[in-house]
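Student: Sharing a structure here in structure tokens format.
The values are calculated or read from the model by the stated rules, or taken from the named source; none is laboratory data. All of these numbers come straight from a predicted model, not from anything done at the bench. Please note: Cβ atoms are built from the backbone with ideal geometry, for glycine as well, and neighbour counts cover all protein chains shown. Only protein heavy atoms, including side chains, enter the accessible area calculation; ligands, DNA and RNA are left aside. Shrake-Rupley method; radii C 1.70, N 1.55, O 1.52, S 1.80 Å.
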Amino acid sequence: MSVILFTSNHPRHIYLANLLNKSGFLLGLVIEKREEFVPTPPEDLSEELKEIFNKHFENRAFAEKEVFGDETLTFLNPLVVEAGEINTNKVWNYVVEKDPKIVITTGISVIKKESFPFLPEEIWNIHGGLSPWFKGAITHFWPSFLLKPQYTGTTIHYITEKIDAGNIIHQTGAVMQKGDGLHQLACRSLKKGYDSVIDLIKRKREKGFIKSVKQKGTGKLWVKSDWQPIHLELIYKFYNDRIVDLYLEGKIPQETPKLIENESL
């Protein structure tokens, strides 16, 4: 069962590429360049907020290496494109030439309608969020901000013209360990989702099909502009990045999201 992965070059994405390559499924790899992993804070922030901003992104870099390791890409000669070049001839030609059974995407720009004729029927997205509650961007931040860390997770779904709205193949929930901050929670939960993909591909290979479920409700589509550096104050100043512990101690609401798990379909 041959796969082409569309992804980025952050540690989490290198981990997934290597996982698929080790499994023998990775036929091709398209890497879209991303922004700086530890960005420079906006100049108009106060000195205090700049410090929080830097801490937030430095913590992210540390957590990614802690959970995903500092791996070197094992797949030779990937197709590397600039940001925004996913929906272009160079990518389409690459896919058509290799003729994969599945294209899997994660951490890239939106796949647009004009790309669909060049892709196989099986186009899966690994979304770092639980749909339909958290669709769109920065969706491993908002659950903790809303004091719902248990809604951190991963949704593997079919790609459609609407963002993160396709039929759900499988979901994995939050992985919470005592002492973890927001980024450890995000990384551990995403790793669980990535690891589940191998069994899903095997199931597709063995049965010839993979079950999926239509999303119920519209949920919430979060866009990048919803997030502002000021939101970090609640995480770091008010809660000292201890929201996972507060949940495990039963000090914030304990409602549990109902996940769609492919084993039960």
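Student: Compute a Gaussian network model of the chain, connecting alpha carbons closer than 10 Å, and tell me which residue from TYR158, TYR239, TYR194 fluctuates the most.
Tutor: Judging by the Gaussian network model, the answer is TYR239.
Student: Under a 5 Å amide H to amide H cut-off, with H placed in plane at 1.01 Å, what residues pair with TRP222 once short-range neighbours are removed?
Tutor: Those qualifying (amide H under 5 Å, at least 5 residues apart or on another chain) are LYS135, GLY136, ALA137.
Student: A further question follows. Starting from the stretch 139-236, pick out the GluC sites (Glu not before Pro) whose DSSP state is loop and whose Cβ has at most 16 other Cβ atoms within 10 Å. Don't jump to the answer; show the numbers that get you there.
Tutor: Values: sites: GLU161, GLU206, GLU233; in loops: GLU161.
For GluC sites (Glu not before Pro) across the stretch 139-236 that sit outside H, G, I, E and B with at most 16 neighbouring Cβ atoms in 10 Å, the list reads GLU161.
Student: Let me ask something else about it. Once neighbouring chains are kept in place and the probe is 1.4 Å, which whole percent of the accessible area of the chain is contributed by carbon and sulfur?
Tutor: 51 percent
Student: Output wanted: per-residue J couplings in Hz (rounded whole) for the stretch 144-158, from phi through Karplus 6.51 cos²θ - 1.76 cosθ + 1.60, θ = phi - 60°, x for Gly and Pro.
Tutor: Here the 3J(HN,Hα) series is 5, 4, 8, 6, 10, x, 5, 8, 6, x, 9, 10, 9, 9, 6 Hz.
Student: Hey, can you find the accessible area per residue of the chain for me, probe 1.4 Å, expressed in square angstrom?
Tutor: 49 Å²
Student: Something else: Taking 28 Å as the cut-off for C-alpha to C-alpha distance, list the pairs among LYS148/LYS207; LYS112/LYS258; LYS55/LYS251; LYS135/LYS211; LYS55/LYS178; LYS65/LYS220 that go past it.
Tutor: Numbers: LYS148/LYS207 36 Å; LYS112/LYS258 30 Å; LYS55/LYS251 25 Å; LYS135/LYS211 21 Å; LYS55/LYS178 20 Å; LYS65/LYS220 30 Å.
Over 28 Å apart, Cα to Cα: LYS148/LYS207; LYS112/LYS258; LYS65/LYS220.
Student: Still on this model: Compare GLY250, GLY181, GLY107 in a GNM of the chain, Cα atoms joined below 10 Å, and give the one with the largest fluctuation.
Tutor: Highest fluctuation among the options: GLY250.
Student: May I ask for the angle, rounded to the nearest 10°, between helix 89-98 and the longest principal axis of the chain, with both axes built from Cα atoms and the value confined to 0 to 90°?
Tutor: Helix 89-98 sits at roughly 60 degrees to that axis.
Student: Whole-Hz ³J(HN,Hα) for each residue in the stretch 172-187, computed from phi via Karplus 6.51 cos²θ - 1.76 cosθ + 1.60 with θ = phi - 60°, x for glycine and proline: what do you get?
Tutor: Once rounded to whole Hz, the list reads 10, x, 5, 10, 10, 10, 3, x, 6, x, 4, 6, 5, 4, 4, 5.
Student: Could you tell me the calculated FRET efficiency between THR160 and LYS211, based on Cβ-Cβ distance and R0 = 22 angstrom, to the nearest 0.05? Mind showing how you got there, number by number?
Tutor: Numbers: r = 17 Å, r/R0 = 0.77.
Here the calculated transfer efficiency is 0.80.
Student: Amide H of GLY166 versus every other amide H placed in the peptide plane: which residues, excluding those fewer than 5 positions away on the same chain, fall under 5 Å?
Tutor: The answer is THR160.
Student: So, in nm, how far is label LYS192 from label LYS224 when the simple model puts each one 7 Å beyond its Cα toward the Cβ?
Tutor: Going by the 7 Å Cα→Cβ label model, 2.9 nm.
Student: Which residues' amide hydrogens lie under 5 Å from the amide hydrogen of HIS127, considering only partners 5 or more residues apart or on another chain, with H built in the peptide plane?
Tutor: THR155, ILE156, HIS157
Student: Can you show me the helix-derived [θ] at 222 nm for the chain, built from DSSP H runs with n ≥ 4 at -39,500 (n - 2.57) apiece and divided by the number of residues, rounded to the nearest 500.
Tutor: After summing the helix terms and dividing by residue count, I get -10000 deg cm²/dmol.
Student: Between GLU47 and PHE62, what length comes free when the chain is fully extended (0.36 nm per residue of separation minus the Cα-Cα distance, one decimal in nm)?
Tutor: Using 0.36 nm per residue and subtracting the Cα-Cα distance, I get 3.2 nm.
Student: Then there's this: List, in order, the whole-Hz ³J(HN,Hα) value for each residue of the stretch 59-73 obtained from phi through the Karplus relation with A = 6.51, B = -1.76, C = 1.60 and θ = phi - 60°; use x for Gly and Pro.
Tutor: 4, 4, 4, 5, 5, 5, 6, 5, 8, 9, x, 10, 7, 9, 4
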